[in-house]
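Note sheet for the following structure.
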Amino acid sequence: MTTLTLEQARETVTLCNEIVSKPDVLKKIDDAKAAAAGNPMMLMMTLMPLAIEHLSPTLTKFGFPADQSGIMQFFNAVKVHEEDPEIKSLADSMREKLLSPELSMLLQMMMQEMAPKAPAADGGKGAGGGEAPALD
């Protein structure tokens, strides 16, 4: 999974926010939101290709794939740095332009599933140190 330094996160989120703020891109986004009529799955099916089309040229320069997983990795990589007020403000602005509240919730769930999981301190053997007990 691609990661970003604080400075790279600031640079990418700034560039991507500028892209989604362009009037022609905003119109496409607004049209897609209107066509989806509140259906988050329909919205994702229409917005994700738009996001890939417009953001991938920038994201690939930072090592992200030019596909849906690259967009998701980008959101995750930026989220790590959202303790920085500038990054948080820019990321919130970009999400507000790109996502409906319903789609934002759906993507949050997907990003949580994609987040790397910390290995268990016991090497995954459970508290007993051996095999998991059989379920009867």
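The table below gives the values:
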read-out: Stretch gain in nm, segment T60-I19, where the contour uses 0.36 nm per residue and the Cα spacing is subtracted; value: 13.3 nm
read-out: Lysine pairs meeting the criterion (Cα under 19 Å, 8 or more apart or interchain), as found in region 6-114; value: 9
read-out: Label-point separation, E53 to Q68 (7 Å along Cα→Cβ), nm; value: 1.7
read-out: Protection proxy ranking of 77-90, 27-40 - average other beta-carbon atoms within 10 Å, highest first; value: 77-90, 27-40
read-out: Distance cut-off 19 Å, percentage of C-alpha pairs in region 15-83 lying past it; value: 37
read-out: Stretch gain in nm, segment V80-D30, where the contour uses 0.36 nm per residue and the Cα spacing is subtracted; value: 15.2 nm
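Taken together, the values in this text are just the output of simple stated rules run on the coordinates, not laboratory data. These numbers were taken from a predicted model, which means no experiment stands behind them. Neighbour counts run over all protein chains shown; Cβ positions are idealised from the backbone, glycine included.
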